[in-house]
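Accompanying notes for the structure given below.
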Amino acid sequence: MPPVVLHHPSGVPRSSSSRLTWGLTVVAILLATPAVQGQLTRSDFTRTNLPGFGDRHNSYPWSMRWFQGNLYVGTNRDFQCVENATIAFYYPIIIPLQAIFADPLIPCPLNPSDLDLRAEVWRYAPTTGQWTRVFQSEKAPGTNVARDIGYRDMVVYRESDGTESLYIVGCTAREFTPGAPPPRILRMTIVRDPITKQPREVFEAVPQNPGTVLGDTKAVTFRATAVYKNRLYVSASLGLTGNGFVLESSNPRLGNNSFRQVTPPELQVYEMSVFNDSLYFGAGDQSTGYSVWKTKASGALPYAITPVVTGGAGRGPVMTSVVSMYPFQGRLYVGSAGWYSTLLPSSELIRINPNDTWELIAGNARLAPRGLIFPLSGLGDGFGNPFNAHIWRMEEHDGVLYAGTNDDSWALRSSPLAPYFRSEFGFDVFASTNGVAWSPVVRNGMGNMFNFGLRTFASTPVGLFLGTVNYVQGTEVWLAGSSAVPTAATAVASNFPSTTATMTTRTPPTTPASGGSPPIAPAGDEERDGEAQEEAGSPQPPPSPEEVEVEALRGRAYVSWSPGPGAVRYHVYRSTYQKADLGFLLGLLPEAGEEDPMRPGEKPGVFSVPGGFVEIGTATTPQFEDRGVAPRRTYAYYVQAEDRKGKLSPPSNIKMIPDLGPPATFEGVRSELVALLAADRKLAKPLAGATDLLDEGRAAAAGNDLATARARLDAVRERLARARGVNPAPPPAGPLDVLIARLSRRIDLALSGALPSGVLNNGQGDDHDRTRPRAAPKRSRRQPTITSRPTTADR
C-alpha cells in the first residue's frame, strides 16, 4: 500500500516544614523550563522488529531517518568481524590470538571474504507496523566482496527542482580489502509505479567516474552529513574509524566533481551540526584531544574555520574525539569519547552557547585558566557510569533531549566480575527537559545485555525510535509512541502483539525471486524487568520530582527535591558504587603512586562502578534522610513521585555524592557572579550591588540569621532574572544559577534543622571527599594519529 503521511505572599510565619516546601518551590521556578509533552519511560517502548530483521548478521542500525511518512534504517553487517579483519590486516601477527580468544557467540570466519557483508536498507510503515527490506547492496564487480558493507548516515535534501531525496552515505571494505572501490552515496526518491500506481523507492548511486573528486577519493567511508545553505556536506574518512575531511556539493545528484573538499586536511572531522547560523564541526585528535570548530562556509577554499572548543575542553587527549552533536533549546550539545586513551575510556557532555562559550554538563571536573569547571548536572564521566564509553547519539522529542550511550560493561559478561556488573550490562538512555538535570530512562539495554550501544534515534510524528547495536542477535528497533499523534496513528504505534519475544536468533525469511524480502511482522515486547505494561487509557502518571539535591554530613545523606502536583508519597532510590580493579584482570601492574590521568587519585585499572538502584525508603515531604552512607564512598540517588492512585512518575534527575562541584556557599556564588560580570559587561549596570547583597547574606548566615541570608540571596536571584529579561528566551541554567539553586536548597535545609548554618559559608560536609580536579596531563606523541589507527573506536 502507498506510504501514508501522518498529520498530525503572605507574612504569616511558617513552620520549618512549610518553609522547606515553599523554598523548594521557589528553586523550581528559578530553573523552570518550557512545558513539554512528558518524559518517556522504559515502559513506553516496544520492540518493532525481529532482532536483525530476522538475520543476526545485521548488527548495527548505522543510520535512521524519517522520510515521507516512513522510517528508513541502514544496516551494517557482522561489524565485530569487520573490526577483527581490519586489525588483522594491519597486524597479521594477531590472527592466531583472534582465533584463540574468539567469542563463540560472535563467530567470524578466518577469511573475511566469506562474510556476506552486503548492507541493507529497511523501511518501517507505521500504517501497518511492518518492516520491508527495500534495498540490498550488490557485490563489487568481479569480486565476492560487498560493494557497501554499511550505510552510515542518511539525510533529507531538497534539490533545486523541488525534489525531496534521501541521500544515504556508505562504507566499503577497502581498508582490509585492497583494491575495493571507494565508498559511494546513494540517492533514494519515491516515485509512483506507472503500472500499479503505487509508490516505490528508487535507488541510484551518484556518479563516481575516474578522474573526478568522488571517483578518485581515497576514503574508506563516509560518515557524518549536514545540510547548510542548501548544500550537502559529507565527511569522508581514510580509515574505518570515521574521522576525516569534509566534502560539499550544491547539486549532489551529479556526483563526480560537484563535490569539493572544503576543510583543511589536518582537521579530522567526526560530526557536523548546523547551529546559530553556522556549520559546526566536531573533530578528534589523539595528541591534543577533541575540538569543535565553526564556519560560515563562504570565501576561498578551504573555508575559514574558527575554533570554539580545543584541547579536549581542558582534558587533553584523554577525551579524544567528538562523537555526537545536537542543538537543543538554543545551545549545541556535544558528546565526546576517550576512545583508547585509558583502560576504560569514558565520555563527557558539554554545551556551546550562542556566544561560543561552553559549559560542562556531565563529566569530571577540571581546572582551567578561567577557574574550576564543574558539571552542571552533578554527574561525572559517562553520566556517572565509567562503562559508558560514548555519548553516542542525542535527539529531541516532545521537548525532551534524550542521550544514548555505548556501554562497554557487556564485555565483562563472561568474567568473574559479571555478577557485580550485571545491572550495568547494556546501553543507557538519559533524558533532560532543560539540558542540566538528567534522568535515567534505560540502564540495561532494554533488558538485553547484548544491546551494548544505542546508535540511532529518530523523532517522528508516530513517536521516538531508537536503534540498538547487537553483535550476538542482531539490531533491534524500538518505538515509544507519541502523545501528539492522532488517534488512528496512535493505534498503529501501540497495537503490537503483546506476547513475549524470546532472545534467540530467528531464522531469516526466505528471499523472494524479486530480490526484496517479504514484510516482517513486528515482534512482541521483551521482558520488562518487572515493569508492568501501561493499560490503554490509563491515567497519566504524576510529573517527576525536580531538582533533586543531596548533602552529605556526619555519615548521613540528606536528599531533597522540589515537590510536584498530585504527589502523596515519594520513593527514594540509591545506587551504591563499588571499587573494582579491572586492571588486575588484564595483568596491569601500576607502579607505586601511579595515577590514572583521567581520574586523579585513582590508580590505573581501579574504577568506582555503580550498582543497581534500590529503593531505600519513602517520604511524604520533599526531604529524606539516608542514614546508611559510609565514609569515602560514592552514591547516586533519584526520586519518584506517587499519586493517590498509586501511579509512579518517571525518575527524577540523578544526583551523586561526593559532589563534583564547588561548595554551594555565599563566597562560591559571589565568585561565580564576578566571573559572569567579567564575561558580560552589559550585566554590570543591572546587577550593580549584587555582590554587596551576597556579602550581607554571608554575614547574616554567619550570625545564624537564616531569614535575612535567604532574603539577600532571593534579591540577587531576582536581579539576575530582571537583567536577563531583555532576552526573549532566557538561557538555560548556567554555573551561577546552579550554585544559587544549591545554596538556596542548603538554606532551606538549615531552616528545617537538617543542616547546620555553618555549611552556608564554609561548605564543609562530612568526609566525602570532593573531586581533586587537575589540569589535563601531557601525553607522549609516540602513539599513532587517529587516521593511522586501525581500530574502530566509533563503530
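The values are calculated or read from the model by the stated rules, or taken from the named source; none is laboratory data. Just so we're clear, the structure is a prediction, and the values are computed from it rather than from any experiment. Neighbour counts are summed over all protein chains in view; Cβ atoms, including those assigned to glycine, are modelled from backbone coordinates with ideal geometry. The area values use the complete protein model at the heavy-atom level, side chains included, leaving out ligands, DNA and RNA. Shrake-Rupley method; radii C 1.70, N 1.55, O 1.52, S 1.80 Å.
Given the options L279, V309, S347, identify the residue whose Cα lies farthest towards the positive end of the charge dipole of region 42-481 (+1 on Cβ of Lys, Arg; -1 on Cβ of Asp, Glu).
Highest projection toward the positive end goes to L279.
Hey, can you rank 621-629, 47-55, 467-475 by average C-beta count inside 10 Å, highest first?
Put in order of decreasing packing, that is 467-475, 47-55, 621-629.
What percent does the relative contact order of region 42-481 come to when contacts are Cα pairs within less than 8 Å and at least six residues apart?
Computed value for region 42-481: 13 percent relative contact order.
Can you run phi through the Karplus equation (6.51, -1.76, 1.60; θ = phi - 60°) for region 667-676 and list ³J(HN,Hα) in whole Hz, with x for Gly and Pro?
5, x, 5, 4, 4, 5, 5, 4, 5, 5
Determine, for each peptide in 553-566, 209-222, 227-240, the mean count of other beta carbons within 10 angstrom over its residues, then list the peptides with the highest first.
So the order, starting with the most tightly packed, is 227-240, 553-566, 209-222.
Residue by residue through region 557-571, which ³J(HN,Hα) values in whole Hz follow from phi under the Karplus form 6.51 cos²θ - 1.76 cosθ + 1.60 (θ = phi - 60°), with glycine and proline marked x?
10, 9, 9, 9, 7, 8, x, x, x, x, 7, 10, 7, 10, 10
Check L71: other-chain or 5+ apart residues with amide H under 5 Å from its amide H, H built from backbone geometry?
Y124
Two decimals, Cα atoms only, Kirkwood Rh: what is Rg/Rh over region 383-468?
1.00
Determine, for each peptide in 678-691, 399-412, the mean count of other beta carbons within 10 angstrom over its residues, then list the peptides with the highest first.
The most tightly packed comes first, giving 399-412, 678-691.
Output the pairs from K294/K682; K296/K655; K655/K682 with a Cα-Cα distance over 29 Å in this structure; if there are none, say none.
In this structure, K296/K655; K655/K682 exceed 29 Å between Cα atoms.
Short version: what are the Cα gyration tensor semi-axes of region 42-481, square root of 5 times each eigenvalue, largest first, in whole Å?
One finds semi-axes of 30, 27, 24 Å for region 42-481.
Compute the projected area of the convex hull of the Cα atoms of region 666-760, averaged over all viewing directions, and report it in nm² to one decimal place.
Its average projected convex-hull area is 5.7 nm².
If amide H atoms are built 1.01 Å from N in the plane of the peptide, which residues on other chains or at least 5 residues away come under 5 Å of the amide H of L117?
So L117 has HN proximity to A146.
Under unit Cβ charges (Lys, Arg +1; Asp, Glu -1), what dipole magnitude, rounded to 20 debye, does region 666-760 have relative to its Cα centre?
Values: 14 positive and 11 negative charges, 57 e Å.
Computed about the Cα centre, the dipole is about 280 debye.
How much of the accessible area of region 666-760, probe 1.4 Å, is carbon plus sulfur, in whole percent?
Of all accessible area on region 666-760, carbon and sulfur atoms account for 54 percent.
Using the Karplus curve 6.51 cos²θ - 1.76 cosθ + 1.60 with θ = phi - 60°, work out ³J(HN,Hα) for each residue of region 117-124 in order, rounded to whole Hz, and write x for Gly and Pro.
Computed from phi, the couplings for region 117-124 are 9, 5, 5, 10, 10, 10, 10, 9 Hz.
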